[in-house]
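**Student:** Here it is, the structure in full.
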Amino acid sequence: MNPYSEDLRRKIVEAVERGMPKIQAAETFGVGISSVKRYVATYRKGGSLAPKKRPGSKPKLDESARKLLEANLEEHPEATLPQRREFLRRVCGVSVSDSTVSRTLGRMGWTRKKDRWVRASATNGSGRPGG
């Protein structure tokens, strides 16, 4: 779920500051009462209403690495996960596990069929190529 915009947060705080009850503000703007309380408290302490950065670490494979991986998939659909991992290490200088490569390929829409990688949309409902 994406965070609520700073604009919406500001409108919620303004409504409460004008005298609207917090529960009514929550219902009016379609947010939880806890969110309203948090935004108002942050505002009164002088804090920013901007959404915070999402928690967690950044992806190990950035956009350029994924593009290189995509090109490698097109050129060598038969390559195995260890071969792709080694390719990423050589070309991008990034060391990742086979599992990371597999998850990334899945997120990119690729799946392993028999002895090669194909786009998931290139298969029909039976899981066989020929969409």
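The values are calculated or read from the model by the stated rules, or taken from the named source; none is laboratory data. Just so it is clear, the structure is predicted and the values come from calculations on it, not from any experiment. Virtual Cβ from ideal backbone geometry, glycine too; neighbours counted across all protein chains shown. We work out accessible area using only protein heavy atoms, side chains counted, and drop any ligands, DNA or RNA first. Shrake-Rupley method; radii C 1.70, N 1.55, O 1.52, S 1.80 Å.
**Student:** Tally Lys/Arg at +1 and Asp/Glu at -1 over every other residue whose Cβ is under 13 Å from the Cβ of Gly32; what's the total?
**Tutor:** +3
**Student:** Hey, another quick one. Ratio of alpha-carbon Rg to the 2.2 N^0.38 Å globular estimate for the chain, to two decimals, please.
**Tutor:** Values: Rg = 23.5 Å, N = 131, 2.2 N^0.38 = 14.0 Å.
Dividing the Cα radius of gyration by 2.2 N^0.38 Å gives 1.68.
**Student:** Quick one, what does Rg over Rh come out to for the stretch 83-124 if you take C-alpha atoms and the Kirkwood Rh? Write down the numbers at each step before the final one.
**Tutor:** Working: Rg = 11.4 Å, Rh = 11.1 Å.
So for the stretch 83-124, dividing Rg by the Kirkwood Rh gives 1.03.
**Student:** Measure nothing but the geometry: give the 0 to 90° angle between the long axis through the Cα atoms of 81-92 and the longest principal axis through the Cα atoms of the chain, rounded to 10°.
**Tutor:** Value to nearest ten degrees: 70.
**Student:** Carbon-plus-sulfur fraction of the accessible area of the chain, 1.4 Å probe, in percent?
**Tutor:** Summing carbon and sulfur atoms, their accessible area is 50 percent of the total for the chain.
**Student:** GluC sites (Glu not before Pro) within the stretch 35-103: which are DSSP loop residues with at most 12 other Cβ atoms inside 10 Å?
**Tutor:** When the GluC sites (Glu not before Pro) of the stretch 35-103 are filtered for loop state and at most 12 Cβ neighbours within 10 Å, Glu78 remain.
**Student:** Could you work out the local net charge near His76, counting Lys and Arg as +1, Asp and Glu as -1, over the other residues with Cβ closer than 14 Å to its Cβ?
**Tutor:** Every neighbour counted, the sum reads -1.
**Student:** Over the stretch 1-111, average the accessible area per residue using a 1.4 Å probe and give it in Å², no decimals.
**Tutor:** Ligands and nucleic acids excluded, the figure is 67 Å² per residue.
**Student:** Still on this structure: Testing the spin-label approximation: label points 7 Å from Cα along Cα→Cβ at Met20 and Ala120. State their distance in nm.
**Tutor:** So the two model labels end up 4.0 nm from each other.
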